[in-house]
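Take this structure first; my questions come after.
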Amino acid sequence: MRPSRGADGAVNVRRLGRVAYEPTWRAMQAFTAARDETTADELWLLEHPPVYDSAKAAQSKIYMNALLNSMGYYRDSIRFDDTVKVVDGQQRAHIDFTVIPGKLIRLDSVWYDLLDSVAYSPAIDTLQKLTLAATPEQLVKKGDPFSKSLILAERDRLSDVYRNNGFMRFSNDLLIAVWDTVGREILSPTFNMIGNSKRSGRTSRGGNV
């Protein structure tokens with residue numbers, strides 16, 4: 001059986017915006033019960049209020065923590081409180097996040113240690129020589145706040161320097177950035193750019209970017 005479109009075949013469109021679920025559902029039922037063969041079809045365009053899910057709030061906390069870590073805040077504290085209030089007969093959730101970033105971690109020292117296929121020589125454009133020559137343009141400097149995005153940008157900058165000086169097949173994957181609280185002699189990747197961030201406490205972190 002085909003639905004009726006009314007005497008003139010028209011379809012009425014109602015744009016209701018954001019409305020509560022149950023009253024709208026009841027209104028639809030009432031419309032259906034009252035219609036007859038001359039009643040035009042109706043298309044209701046609406047949006048229901050989002051349903052509160054505490055798991056989403058917990059996920060937001062994880063995202064906030066990751067963002068703070070990437071900016072050099074490793075001793076942050078984040079918590080949230082949720083309350084449900086009844087407003088105009090509707091239950092509404094209110095979420096309050098409390099964010100304490102803690103101490104900002106700054107870089108205590110930055111150095112570059114690049115292993116070439118030939119020994120370092122001022123007469124040869126080794127990777128180490130090119131790196132030292134481009135030091136004035138470096139993006140990661142002692143005293144700067146620790147930032148993963150800046151470390152990534154510095155890796156990209158150095159890769160461009162090498163490719164622009166004849167190392168055409170140089171890839172970002174060949175350049176490793178390592179950050180930690182331990183001494184330089186302990187960190188010895190095969191091919192690396194090392195940045196040591198000064199942090200209090202005994203917890204250490206490391207990562208390749």
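The values are calculated or read from the model by the stated rules, or taken from the named source; none is laboratory data. Nothing here was measured: the structure is a model prediction, and the numbers come from that model. Every residue, glycine as well, gets a Cβ built from its backbone with ideal geometry; the counts of neighbours run over all protein chains shown.
Take the residues in the range 159-178 that are of a type in the set (A, V, I, L, M) and in a loop (DSSP other than H, G, I, E, B); name whichever of them is surrounded by the fewest Cβ atoms within 10 Å (Cβ to Cβ). Talk me through it step by step, then tell me what you get.
Taking the range 159-178 and keeping what is of a type in the set (A, V, I, L, M), we get 161, 168, 174-178.
Of the ones still in play, those that are also in a loop (DSSP other than H, G, I, E, B) are 168, 175.
Working: Met168: 8, Leu175: 21.
Filtering first and then ranking leaves Met168.
Farther than 30 Å from Ala66 by Cβ and touching a residue at least 40 places away in the same chain (Cβ under 8 Å): which single residue out of Leu130, Leu115, Leu152 fits that description?
Values: Leu130 fails: touching a residue at least 40 places away in the same chain (Cβ under 8 Å); Leu152 fails: farther than 30 Å from Ala66 by Cβ.
Going through Leu130, Leu115, Leu152 in turn, just one is farther than 30 Å from Ala66 by Cβ and touching a residue at least 40 places away in the same chain (Cβ under 8 Å): Leu115.
Only one residue in Lys141, Lys129 is basic (Lys, Arg), more than 27 Å from the chain's Cα centre (by Cα) and more than 30 Å from Ala20 (Cβ to Cβ). Which one?
Values: Lys141 fails: more than 27 Å from the chain's Cα centre (by Cα).
Unique residue meeting the criteria: Lys129.
Sort out which residues of the range 41-90 are in contact with a strand residue (DSSP E or B) (Cβ under 6 Å, 6 or more places away or on another chain), exposed (fewer than 15 other Cβ atoms within 10 Å of the Cβ) and of a type in the set (Gly, Ala, Ser), and write them in order of number.
Ser77
What are the pairs with Cβ atoms under 6 angstrom where one residue, in the range 86-103, is of a type in the set (Asp, Glu) and the other, located anywhere, is modelled with pLDDT of 90 or more? Sequence gap at least six, or different chains.
Pairs found: Asp96/Asp81.
Hey, does the range 78-87 have a residue that's at pLDDT 90 or above and among the acidic types (Asp, Glu)?
Yes, the range 78-87 contains at least one residue that is at pLDDT 90 or above and among the acidic types (Asp, Glu).
For residues in the range 164-191 being in contact with a strand residue (DSSP E or B) (Cβ under 6 Å, 6 or more places away or on another chain) and among the β-branched types (Val, Ile, Thr), which is modelled with the lowest pLDDT?
The residue in question is Val178.
Let me ask something else about it. Run down Val161, Val140 and say which single residue is modelled with pLDDT of 85 or more, touching a helix residue (DSSP H, G or I) at 6+ places or on another chain (Cβ under 8 Å) and closer than 13 Å to Val110 by Cβ. Step through it out loud before you land on a result.
On the way: Val161 fails: closer than 13 Å to Val110 by Cβ.
The match here is Val140.
Please go through the range 81-120 and pick out each residue that is more than 30 Å from Pro145 (Cβ to Cβ) and assigned by TED's automatic domain parsing to the domain that holds Phe167.
Once the filter is applied, which keeps residues that are more than 30 Å from Pro145 (Cβ to Cβ) and assigned by TED's automatic domain parsing to the domain that holds Phe167, the range 81-120 yields Asp116, Ser117, Val118, Ala119, Tyr120.
Name every residue in the range 15-34 that is basic (Lys, Arg) and modelled with pLDDT under 90, in order of residue number.
First, pick out the residues of the range 15-34 that are basic (Lys, Arg): 15, 18, 26.
Scanning the range 15-34 gives a single hit, Arg18.
Let me ask you something else. Aliphatic (A, V, I, L, M), closer than 30 Å to Val140 by Cβ and more than 28 Å from the chain's Cα centre (by Cα): which single residue out of Leu104, Leu45, Leu115 fits that description?
Selected residue: Leu115, the only one of Leu104, Leu45, Leu115 that is aliphatic (A, V, I, L, M), closer than 30 Å to Val140 by Cβ and more than 28 Å from the chain's Cα centre (by Cα).
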